[in-house]
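Single-structure report; data block below.
A short reminder: the numbers here are calculations on the coordinates, not readings from a lab. Computed from a prediction, not measured in an experiment: that's the story for all the values here. FYI the Cβ positions are ideal-geometry reconstructions off the backbone, even for glycines, and counts take in every protein chain you see.
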């Protein structure tokens with residue numbers, strides 16, 4: 001069963017910060033503080049997934065990254081091998097970088113870790129991604145100015161930096177960034193209900 | 001800052017700082033998650049030909065390279081085309097040929113209702129405006145004639161610089177884009 005579904009939404013652990021949870025896990029070893037582990041995984045899983053999406057541009061590779069980073073982090077905490085559990089974000093970032101390199105090389109550390117530590121250490125399933133109502137987003141895109149709509153589509157469809165978008169549209173990169181920023185703000189307001197009844 | 005991060009526009013040191021912050025901050029990572037979800041949904045809409053807008057030709061070429069079925073119509077300056085939309089088409093594109101040199105602002109006026117898209121993006125060097133109508137709307141059209149006009153706007157007023165006629169027929173199984 002994934003940790004995310006074992007964890008009640010409003011347990012005492014939800015009030016603790018990440019560093020406190022990490023310390024609790026480290027201090028409980030060789031015992032297992034499953035509620036602290038579950039809460040830490042519930043928080044870190046979506047953040048690591050986003051890191052994966054940014055660097056791997058692939059949903060299933062991002063899900064692999066989540067599994068491997070959380071497994072490695074818990075393993076390290078349980079073994080008391082994380083010198084400063086208070087610096088958990090920094091450790092997770094370092095692990096994300098290593099695992100992304102690994103995934104790019106096609107290595108399969110995940111299987112080795114699962115083999116060694118088994119299901120008892122298996123962290124959260126890949127978090128369910130947030131989704132928007134596409135009909136509403138379409139309406140909102142068309143309520144933007146045409147320039148904003150075009151710049152947003154060109155920027156985010158192909159993850160294209162402002163210099164390239166600008167050269168295709170005959171505008172400066174600075175101009176593109178201004179249009180993109182304004183368009184994104186208006187689009188967010190619209191899809192979240194602030195700008196569209 | 002998050003969109004610059006997502007589009008890899010930050011220098012390495014700033015990107016590392018942002019990443020460390022995101023991994024430790026639930027509120028900011030939720031904001032990034034919202035951006036990622038918007039991007040995913042926007043991509044789906046583009047692939048479904050669901051967004052009515054104006055894009056450069058290079059963008060259309062990338063869609064075709066990615067395997068989308070793009071139906072394209074090249075419409076001569078002040079000319080017309082016979083057009084349709086086939087069941088397998090993902091995106092439909094109209095290339096409106098026009099003399100764009102020296103134009104400051106350009107509006108696109110569509111249909112008898114004169115729906116107007118103000119200040120559309122264009123690159124004068126390309127000599128065309130590329131319009132993507134909504135495929136779903138085209139599929140609902142009966143045999144009919146539609147018009148688009150490109151209107152240049154400057155301090156002295158406005159003038160029509162091109163008129164384009166689309167003779168649409170529902171798909172019959174025998175049609176080709178130009």
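Report, to the nearest 10°, how far helix B:26-47 tilts away from the longest principal axis of the Cα atoms in chain B, using its own Cα long axis and a range of 0 to 90°.
20 degrees
Go ahead and run the numbers for FRET between residue B:124 and residue B:15, Cβ-Cβ distance against an R0 of 41 Å, rounding to 0.05. Intermediate values should be presented prior to the final figure.
Details: r = 35 Å, r/R0 = 0.86.
It comes to 0.70.
Let's test the formula: R0 of 45 Å, r as the Cβ-Cβ distance of residue A:181 and residue B:143. What FRET efficiency results, to the nearest 0.05?
On the way: r = 44 Å, r/R0 = 0.98.
With R0 = 45 Å, the Cβ-Cβ based efficiency is 0.55.
D for the protein assembly as shown, whole µm²/s, Stokes-Einstein with Kirkwood Rh over alpha-carbon pairs at 25 °C and 0.890 mPa s: what number? Each step should come with its number before you reach the end.
On the way: Rh = 23.3 Å.
Rounded to a whole number, D works out at 105 µm²/s.
In whole angstrom, how far apart do the alpha carbon centroids of the stretch A:71-106 and the stretch A:163-197 sit?
Comparing the Cα centres of the stretch A:71-106 and the stretch A:163-197, I get a distance of 36 Å.
For chain B, what is the calculated [θ] at 222 nm in deg cm²/dmol (nearest 500), taking -39500 (n - 2.57) for each run of four or more DSSP H residues and dividing by its residue count?
Working: 5 runs with 55 residues, N = 178.
So the calculated ellipticity at 222 nm is -9500 deg cm²/dmol.
Mind checking the mean number of beta-carbon atoms from other chains within 10 Å of the Cβ atoms in A:133-144?
Rounded to a whole number, the mean comes out at 4.
Sort B:164, B:5 so that the residue with the fewest other Cβ atoms within 10 Å of its own Cβ comes first and the one with the most comes last.
Numbers: B:164 26, B:5 17.
Arranged by neighbour count, lowest to highest, B:164, B:5 become B:5, B:164.
For the residues A:145, B:29, what sequence is obtained by ranking on other C-beta atoms within 10 Å, fewest first? Could the numbers behind the result be given before it?
Values: A:145 17, B:29 22.
Ordered from fewest to most neighbouring Cβ atoms within 10 Å, A:145, B:29 come out as A:145, B:29.
Please work out the Kirkwood hydrodynamic radius for the stretch A:37-108, using every pair of different C-alpha atoms, and report it in angstroms with one decimal place.
Details: mean 1/r = 0.0820 Å⁻¹.
Mean inverse Cα-Cα distance, inverted, gives 12.2 Å.
Relative contact order of the stretch B:1-128, please, whole-number percent, based on alpha carbon pairs below 8 angstrom and at least 6 residues apart.
Values: 109 pairs, mean separation 21.8, N = 128.
Reported relative contact order: 17 percent.
Compute the length gained on full extension between residue A:194 and residue A:174: take 0.36 nm times their separation in residues and subtract their Cα-Cα distance, giving the result in nm to one decimal. Write out the running numbers ahead of the final one.
On the way: separation 20, 0.36 × 20 = 7.20 nm, distance 2.71 nm.
Here the answer is 4.5 nm.
Can you pull the Rg over Rh of the stretch B:81-178, Cα-only, Kirkwood?
Values: Rg = 14.5 Å, Rh = 14.5 Å.
Computed over Cα atoms, the ratio is 1.00.
For chain B, find the longest principal axis of its Cα atoms and tell me its angle to the long axis of helix B:12-24, 0 to 90°, nearest 10.
Value to nearest ten degrees: 70.
Quick one: among B:78, B:57, B:123, which has the greatest mean-square fluctuation in a GNM of chain B with alpha-carbon springs under 10 angstrom?
Of the options given, B:123 has the highest mean-square fluctuation.
Taking a virtual spin label 7 Å from the Cα of residue B:115 along the C-beta vector, which residues in the stretch B:54-68 bring their backbone nitrogen under 17 Å of it?
Label zone hits: B:54-55.
In vacuo Debye scattering of the stretch B:48-125, one point per C-alpha: log10 I(q)/I(0) at q = 0.20 Å⁻¹?
Values returned for q = 0.20 Å⁻¹ are -1.11.
Mind listing the Cα extents of chain B along all three principal axes, in Å, largest one first?
Extents along the principal axes, in whole Å: 58, 47, 28.
For chain B, modelled as a GNM with alpha-carbon contacts under 10 angstrom, which of B:33, B:110, B:65 fluctuates the most?
Residue with maximal mean-square fluctuation among B:33, B:110, B:65: B:33.
Which of B:94, B:36, B:155 moves most in a GNM of chain B, Cα contacts under 10 Å?
Comparing B:94, B:36, B:155 in the GNM, the peak value goes to B:155.
At R0 = 41 Å, how high is the FRET efficiency between residue B:172 and residue A:133 if r is their beta carbon distance? Nearest 0.05 is fine. Write out the running numbers ahead of the final one.
Details: r = 35 Å, r/R0 = 0.85.
About 0.75, to the nearest 0.05.
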